[in-house]
Amino acid sequence: MQTAIEIIKDAESRGVAVGHFNISNTEQLWGIFNAARSLELPIFIGTSEGERAFIGPRQAAVLVQSLREQFNWPIYLNADHTYSLEKAKEAVDVGYDCVIFDGAQLSMEENIAQTKEFVSYVRETRPEVLVEGELGYIGTSSSMMDELPEGAAVTREEMTSPEEAQRFVEETGVDLLAPAVGNVHGMMESGRNPNLDTERISALREAAGVPLVLHGGSGVSDEDFVSSIEAGMGMVHINTEIRVAFREALEQSLQEKPDEIAPYKYMDQAVDAVTESVANRLKLFNKLDS
Ligand code: 13P
């Protein structure tokens, strides 16, 4: 089976991107996994600090590992946006395959210092774990929004620069980099999120020398996904969209079955809704016919 980094580099070399989707529960995990299996694609699962506290960090790691082993499937678990060294180290210790140390709200110097410390910890304890660094603030919440997250780096001047990316990767030794290129976490109620800067993505990929990860995928147009992946994004993160799909399907199911009390008989529609939403995104990221 390909390792996590081999999967990302292989996708990059073919001009496609690996899909990364977040979970808070086993229903979403099955929904995502079913989509990956039906399309025969590798997949990354993410849990934010809040999501993993809800499932249990060790439990999330074991669940994903159990799917990888039982189905002999390339499915990997990422500790998404981890803001403290303590939580980042905990994710490594309980069995996560990748960890994002998110120091985007720190000064450049402090972000480099803390990310570097975390990279050293990983190389000494579980060197197979991938470390992703974050450069440029893009908001923190996977929610529906009336306005852009305050302070998000969406103008050309605010976005991550190639010089910063090169310095950050060289000094920290991260395996992957999440830059700010117009992307924001969450989805605008009005429909469209800001456009992504594909020229900047190409320049960043070249300067960084490591695969780039596109966060804040919900609300991005299909055209922007395609051009960003062509420009150098090797992985795409989606959360808000599948949260919405899950909740809407659950509400409908509860309305249709007001007397049903067995969770597995009213949550199955929500699992299927996640599968459908994820499958549509995976087809786009992998240039498959829809
Ligand atoms: P969205 O909620 O905007 O899809 O972002 C998800 C994400 O980037 C998680 O890391």
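The values are calculated or read from the model by the stated rules, or taken from the named source; none is laboratory data. Remember, predicted model here, so these are calculated numbers, not experimental data. Please note: Cβ atoms are built from the backbone with ideal geometry, for glycine as well, and neighbour counts cover all protein chains shown. Note: accessible area is taken over every heavy atom of the protein model, side chains too, but ligands, DNA and RNA are not part of it. Shrake-Rupley method; radii C 1.70, N 1.55, O 1.52, S 1.80 Å.
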**Fill in**
Here the residues within the range 93-103 that are in a loop (DSSP other than H, G, I, E, B) and either farther than 13 Å from THR82 by Cα or hydroxyl-bearing (Ser, Thr, Tyr) (or both) are GLY95, TYR96, ASP97
**Asked** Taking the range 229-247, which residues are out of contact with any Gly (no Cβ under 9 Å at 6 or more places or on another chain) and either more than 8 Å from the ligand (Cβ to nearest atom) or under 12 Å from GLY15 (Cα atoms) (or both)?
**Response** ALA231, GLY232, MET233, GLY234, VAL244, ARG247
**Item:** Qualifying positions in the range 171-188 - in contact (Cβ under 8 Å) with a residue 40 or more places away in the chain and within 13 Å of the ligand (Cβ to nearest atom)
**Value:** LEU176, ALA178, PRO179, ALA180, VAL181, ASN183, VAL184, HIS185, GLY186, MET187, MET188
**Request:** Kindly indicate whether LEU63 is open to solvent by 50 Å² or more (accessible area, probe 1.4 Å), closer than 21 Å to PHE246 by Cα, more than 16 Å from the ligand (Cβ to nearest atom) and of a type in the set (A, V, I, L, M).
**Result:** yes
**The one condition in (1) part of a loop (DSSP other than H, G, I, E, B); (2) among the aliphatic types (A, V, I, L, M); (3) under 15 Å from VAL213 (Cα atoms) that LEU106 fails to fulfil** = (3)
**Message:** Criterion first (basic (Lys, Arg), free of Cβ contacts under 8 Å to residues at least 40 places away in the same chain and within 13 Å of the ligand (Cβ to nearest atom)) does ARG52 satisfy it?
**Reply:** yes
**Request:** Can you run down the residue pairs with Cβ atoms below 7 Å, 6 or more apart or on separate chains, where the first is in the range 210-235 and more than 26 Å from THR172 (Cα to Cα) and the partner is of a type in the set (D, E, K, R)?
**Result:** SER218/GLU241; GLY219/ARG192; SER221/ARG192
**Asked** Going by the conditions given, is ASP259 in contact with a Gly (Cβ under 6 Å, 6 or more places away or on another chain), farther than 21 Å from VAL18 by Cβ and more than 16 Å from the ligand (Cβ to nearest atom)?
**Response** no
